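Asks: Take a look at this one; I'll ask things after.
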Amino acid sequence: MLSPSEFIAGTIEGITAPALILPRTSYETAALVMKLDDRLVGIELQREEYLFHAWTADRAEDWSGVIVPDVRIEVDETSAFNPQEENVLGAAIRKENQLAILTLHSANRGFQTRFLVPVVSDLPACAKRYSVGFRRWQIVLGEGLDKRVLKEVEAAARQ
């Protein structure tokens with residue numbers, strides 16, 4: 001459950017990232033929205049055919065729904081793997097000083113590339129050349145006794 005002060009209905013324009021978009025209609029979708037180089041980047045979390053695709057929000061009005069700002073990401077430590085040995089789309093990857101989600105991004109001419117979208121930065125640095133991935137992670141709001149899990153995510157190995 002969300003308190004009325006914890007969300008707005010509208011577009012992603014001017015939101016505080018990271019934010020979770022929840023759909024109101026069948027034309028909207030669940031997505032995690034991040035700020036990357038002064039642009040908003042969304043990660044699809046609902047529609048199977050676009051699951052874990054990343055998109056840039058050039059027009060805020062194209063992405064609307066129930067907006068929950070200031071969410072946090074937590075990882076399931078029991079789902080850890082070595083991302084240098086496995087390619088798991090949608091996984092949360094901890095490397096260098098950040099946590100990022102491995103996404104697909106459609107480049108020019110329809111080519112898809114794998115792209116790490118940072119969701120948490122300025123973390124203590126990992127050892128050089130070391131990283132860890134997590135197949136399961138969740139989007140939460142609040143802390144301690146007030147913490148609520150808004151969305152659980154399960155990444156999957158894809159070709």
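The values are calculated or read from the model by the stated rules, or taken from the named source; none is laboratory data. Nothing here was measured: the structure is a model prediction, and the numbers come from that model. All Cβ positions, glycine included, derive from the backbone under ideal geometry; neighbour counts span all protein chains shown. These area figures cover heavy atoms from the full protein model, side chains too; ligands, DNA and RNA do not enter into them. Shrake-Rupley method; radii C 1.70, N 1.55, O 1.52, S 1.80 Å.
Asks: Treating only the Cβ atoms of Lys and Arg (+1) and Asp and Glu (-1) as charged, compute the dipole magnitude of region 53-143 about its Cα centre; round to the nearest 20 debye.
Replies: 400
Asks: Please list the equivalent ellipsoid semi-axes of region 114-159, computed as the square roots of five times the alpha-carbon gyration tensor eigenvalues, in descending order and whole angstrom. Mind dumping the intermediate values first?
Replies: Working: eigenvalues 110, 64, 18 Å².
Square roots of five times the eigenvalues give 23, 18, 10 Å.
Asks: So if I take the centroid of the Cα atoms in region 114-159 and the same for region 2-75, what is the distance between those two points in Å?
Replies: 16
Asks: Of the residues Ile21, Ile73, Ile93, which exhibits the maximal mean-square fluctuation in a Gaussian network model of the chain defined by a 10 Å Cα contact cut-off?
Replies: Comparing Ile21, Ile73, Ile93 in a Gaussian network model of the chain, the most mobile one is Ile73.
Asks: Just how large is the dipole of region 1-115 about the Cα centre, in debye to the nearest 20, putting +1 at every Lys and Arg Cβ and -1 at every Asp and Glu Cβ? Let's see the in-between values first.
Replies: Details: 10 positive and 18 negative charges, 39 e Å.
With only Lys, Arg, Asp and Glu charged at Cβ, the dipole is about 180 debye.
Asks: Further, regarding this structure: Relative to 2.2 N^0.38 Å, what does the C-alpha radius of gyration of the chain come to as a ratio? Two decimals please.
Replies: On the way: Rg = 15.4 Å, N = 159, 2.2 N^0.38 = 15.1 Å.
Working it through for the chain, the quotient is 1.02.
Asks: Could you report region 1-95's accessible area per residue, 1.4 Å probe, as an integer in Å²? Write down the numbers at each step before the final one.
Replies: Working: 5110 Å² over 95 residues.
Ligands and nucleic acids excluded, the figure is 54 Å² per residue.
Asks: State, to one decimal in nm, how far the label point of Gln98 lies from the label point of Val66, with both points 7 Å from Cα in the Cβ direction.
Replies: It works out to 3.0 nm between the two label points.
Asks: What is the chain's relative contact order, in percent, from Cα pairs under 8 angstrom and six or more apart in sequence?
Replies: Values: 360 pairs, mean separation 34.9, N = 159.
Relative contact order, the chain: 22 percent.
Asks: Cα atoms only: what Rg and Dmax, in Å, come out for region 37-118?
Replies: In Å, with Rg to one decimal and Dmax whole: 13.9, 39.
Asks: Taking the DSSP beta bridges in the chain as the whole, what percent of them are antiparallel, to the nearest 5?
Replies: On the way: 50 of 52 bridges.
Antiparallel bridges make up about 95 percent of those DSSP assigns within the chain.
Asks: Under 24 Å between alpha carbons: how many lysine pairs meet that in the chain, if sequence neighbours fewer than 8 apart on the same chain are excluded?
Replies: Numbers: Lys35/Lys95; Lys35/Lys147; Lys35/Lys151; Lys95/Lys128; Lys95/Lys151.
Lysine pairs, 8 or more places apart or on different chains, close enough: 5.
Asks: Let me ask another. In nm, to one decimal, how far is the modelled label at Ala80 from the one at Cys126, with both set 7 Å along Cα→Cβ?
Replies: 1.1
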